[in-house]
1. Given (1) within 13 Å of the ligand (Cβ to nearest atom); (2) within 30 Å of GLY150 (Cβ to Cβ); (3) not in a loop (DSSP other than H, G, I, E, B), where does ALA96 come up short, assuming only one miss?
2. Residues of the stretch 132-154 being part of a helix (DSSP H, G or I) and surrounded by 17 or more Cβ atoms within 10 Å (Cβ to Cβ), which ones?
3. Within the stretch 4-29, work out how many residues are in contact with a Gly (Cβ under 9 Å, 6 or more places away or on another chain) and under 17 Å from GLU70 (Cα atoms).
4. Select, from TRP57, TRP38, the only residue that is within 16 Å of the ligand (Cβ to nearest atom), under 17 Å from ALA115 (Cβ atoms) and either in the same structural domain as ASN129 (by TED's automatic domain parsing) or not basic (Lys, Arg) (or both).
5. Tell me which residues, restricted to the stretch 61-116, are of a type in the set (Asp, Glu) and within 21 Å of GLU46 (Cα to Cα).
6. Looking at VAL73, VAL21, VAL65, VAL51, which one is under 16 Å from ASP124 (Cβ atoms) and of a type in the set (Val, Ile, Thr)?
7. Please state which one of LEU95, LEU102 is surrounded by 14 or more Cβ atoms within 10 Å (Cβ to Cβ) and in contact (Cβ under 8 Å) with a residue 12 or more places away in the chain.
8. Right, LEU91: assigned to a helix (DSSP H, G or I) and more than 15 Å from the ligand (Cβ to nearest atom) or not?
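The values are calculated or read from the model by the stated rules, or taken from the named source; none is laboratory data. All figures in this text were calculated on a predicted structure; none of them were measured in a lab. Neighbour counts run over all protein chains shown; Cβ positions are idealised from the backbone, glycine included.
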Amino acid sequence: MECPVCFDTGAREVDSAGGVVELDCKRCGPFRYGGGAWEELKKAPENKRAVIASRLWDQNRFGSVPTIDESNVDALLSMQPLPFLERAKRLLIDLAEQSDRLGKPLQLSSPRLDAMVGTLVHNDLAHINQFLLDRGWIEDVVGGYWKVTGGGLISG
Ligand SMILES: [Zn+2]
């Protein structure tokens, strides 16, 4: 089914009861929506929905399955986007957390990273990645893989 936040059509319906749908989206993660939230989200611009994706990621991170409904959809749609440095920090921390050994090759292909940095355009990750590269916090390995440098692990 279509995710009302990122519009990916591969979202999986987990449950549906009393007008509330629980779904699991590859990008936005698990969440519920109900009431008039669907209509509000459908007409919201992409940048606003991207902010909501980052908010869902924040809550998923602590194990909760958030609900978007009439009581909070307007507040969610008026949230400010993450500052660029916060996006860069999130990406570096995530890469550092994946580095269970120094120099481990890592990829940036997971759609969950889009939600983490608050974008619905996967290519935005390349810009953030370039920023980390320019600072020497990550290094290009080969074939679309990256590794976190010693400096990057300290910064993360
Ligand atoms: Zn989604």
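1. Condition (1) is where ALA96 drops out.
2. Scanning the stretch 132-154 gives LEU132, GLY152.
3. Counting residues in the stretch 4-29 that are in contact with a Gly (Cβ under 9 Å, 6 or more places away or on another chain) and under 17 Å from GLU70 (Cα atoms) gives 4.
4. Residue meeting the stated conditions: TRP57.
5. Correct list: ASP69, GLU70, ASP74, GLU86, ASP114.
6. VAL51
7. Checking each option against the conditions leaves just LEU95.
8. Yes.
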